[in-house]
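Asker: Structure in structure tokens, see below.
Derivation of every value follows stated rules applied to the coordinates shown; laboratory data play no part. Treat the numbers as computed from the prediction; the structure is a model and nothing was measured. Note that each Cβ is placed from the backbone with ideal geometry, even for glycine, and that neighbours are counted across all protein chains shown.
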Amino acid sequence: MKTRIKELRKKRKLSQEELALEVGTTRQTITSIEVGKYTASLVLAYKIAHYFGLTIEEVFDFSNANEF
Amino acid sequence: MEEFRTKVNRRIILASGLTLVAVALGIYAVFSLQNVPDDATMSAGFISGFQFGLIMSIGILSMVSVVKLRRALNDEIKLKVLYNKEHDERLKTIRSKAGQPLLSITSVLMIIAAIIAGYFNIVVFYTLVAAVLAQLAISAGVKLVCMTKM
């Protein structure tokens, strides 16, 4: 799944480690979500979107949702 | 986070206890090695060597975990990283795919059974140790594959 996490993170000059610490996950999980290897759960997606002050749809691209 | 801090404290106490027990058993093993009878077989030596190695590994691992947990307890960020690592959803999925924590429990039980069985039948001892090594290797392999794929 495509996400805007990397872009939003860069805008805020935030490292993966810092974001992981804020949303209660590991740096490796943030990397996996960013490269599309792992699809975040609803709770984690909400935490990430909430951290950036956006909605889940604004951070995660659901255009290929039927493939999941 | 306070609940997790209590949990870490409890783990430190447990690991410290394990270290002390391992050190005591290690000292006993060193002194008992001096009283090896002249007619002792090689397999008997292997079993006592295996036990000694196991005790030492448990002692060293417990000591390392005490140091690691103490450091985390004194640093708020390290404690949060540890908490996140334990509650991370991706890692939880990977662990469950690799058969954890059930596989660790069965491995410990099988090792205990192997040591006890070793006193009666050396073939059973070798078989159980080989089975434990095989299941741990498979679990580690699955974990590695999942970590690269997820």
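Asker: When the dipole is taken about the Cα centre of the protein assembly as shown, and only Lys, Arg (+1) and Asp, Glu (-1) are charged at their Cβ, what size is it in debye, to the nearest 20?
Answerer: 720
Asker: Give me a comma-separated list of calculated 3J(HN,Hα) values for segment A:8-15, in order, Karplus coefficients 6.51, -1.76, 1.60 applied at θ = phi - 60°, integers in Hz, x for any Gly or Pro.
Answerer: Per residue, the Karplus-derived 3J(HN,Hα) values read 5, 5, 4, 4, 8, 6, 10, 7 Hz.
Asker: If you average over every viewing direction, what projected area does the convex hull of the Cα atoms of chain B give, in nm²?
Answerer: 10.7
Asker: Let me ask you something else. Given segment B:88-150 reduced to its alpha-carbon atoms as identical point scatterers, what log10 I(q)/I(0) does the Debye formula return at q = 0.14, 0.20 Å⁻¹?
Answerer: -0.46, -0.73
Asker: So for segment B:1-87, what are the equivalent ellipsoid semi-axes in whole Å, largest first, each being the square root of 5 times an eigenvalue of the Cα gyration tensor?
Answerer: 38, 11, 8
Asker: Same structure, new question: So how much slack lies between B:ALA113 and B:ILE138, counting 0.36 nm per residue of separation and subtracting their Cα-Cα distance, in nm?
Answerer: Value of the extension gain: 6.9 nm.
Asker: Rounded, prolate or oblate, given the Cα gyration tensor of segment B:50-104, with a/c below 1.5 counting as rounded?
Answerer: Verdict is oblate for segment B:50-104.
Asker: I've got another one for you. Can you give me the Cα centroid spacing of segment A:1-61 and segment B:74-134 in angstrom?
Answerer: Computed from Cα coordinates, the inter-centre distance equals 31 Å.
Asker: Then there is this: Per residue of chain A, what 222 nm ellipticity follows from adding -39500 (n - 2.57) for every DSSP H run with n ≥ 4, rounded to the nearest 500?
Answerer: One gets -14500 deg cm²/dmol as the mean residue ellipticity at 222 nm.
Asker: Using a 10 Å cut-off on Cβ atoms, rank the peptides A:24-33, B:23-32 from the highest mean neighbour count down.
Answerer: A:24-33, B:23-32
Asker: Moving to a separate point now. Where does chain B land at 222 nm, in deg cm²/dmol rounded to the nearest 500, when only DSSP H runs of n ≥ 4 count, each adding -39500 (n - 2.57), divided by all residues?
Answerer: Per the formula, -30500 deg cm²/dmol.
Asker: With the dipole of the protein assembly as shown worked out from charges on the C-beta (+1 for Lys and Arg, -1 for Asp and Glu) around the Cα centre, which of B:TYR28, B:ALA130, A:THR55 lies farthest toward the positive end?
Answerer: Sorting the options by dipole projection puts first A:THR55.
Asker: Evaluate chain A: find the radius of gyration of its Cα atoms, find its Kirkwood radius, and give the ratio Rg to Rh.
Answerer: That ratio equals 0.92.
Asker: Next up: Cut-off 11 Å, label point 7 angstrom out along Cα-to-Cβ of B:ARG5: give me the residues of segment B:63-94 whose amide nitrogen falls inside.
Answerer: Residues passing the 11 Å test: B:73-76.
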